[in-house]
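Before any comments, here is the structure.
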Amino acid sequence: MPKENDAQQPRSHGADRALDAADEAIGVAETVTRKASRMGPLGDRRLSRRVGLSFAIWLVLFFGARFALEATSLSTLSRVLIALSPVPAFVWFLITFVAGVGEADELERRIQLEALALAFPLTVVLIMTLGLLQVAIPLSPDDWSYRHIWPIVYMFYLFGVVRSRRRYQ
């Protein structure tokens, strides 16, 4: 009996973590949707709603997939299909965001360009550093896997946006 409890313990802990992360993601998605018109190249309200909605849908699907992958034991094909399920929503988000940049005024386009011009090299430095550290010492996949790196990349972009907006105010 203790072995069954031990086997269930990590799964339950992982499921709890995934549920907490999903709750947090929903809160973030609501905030982004509410403030979308002030956060970037979103043009008119219809476009900002589409960007916010596409982001919210992707975020919910992403954390739903994370929860499903951590909480169940499925076949490899099912796990791959679940892992890929958020991709169409993210592509939709990218298309609406890029459309927003295309419809933005010249200043907003410049802000977005400068934000990306800062975020890209910072991302390269991060990936290069982690790659070299991984050769030098074992990095825990629980702390430094791809699923942990992408939020840092997004933070680099947000830092670039804030920096550029301050520059032009």
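Quick note: the coordinates plus some simple rules give every number you see, no bench work behind them. Small disclaimer: the values here were computed from a predicted structure and weren't measured. Neighbour counts are summed over all protein chains in view; Cβ atoms, including those assigned to glycine, are modelled from backbone coordinates with ideal geometry.
Per-structure values
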quantity	calculated
The stretch 83-127, Rg to Rh (Cα coordinates; Rh as Kirkwood inverse mean 1/r)	1.10
Counted charge near Ser85, where neighbours are those whose Cβ lies closer than 12 Å (Asp, Glu -1; Lys, Arg +1)	+2
Packing rank of 83-93, 120-130, 52-62, 139-149, where each peptide gets the mean count of other beta carbons within 10 Å, highest leading	52-62, 83-93, 120-130, 139-149
Positive-end extreme of charge dipole, the stretch 83-156 - chosen from Leu118, Pro88, Gly131 (charges on Cβ)	Gly131
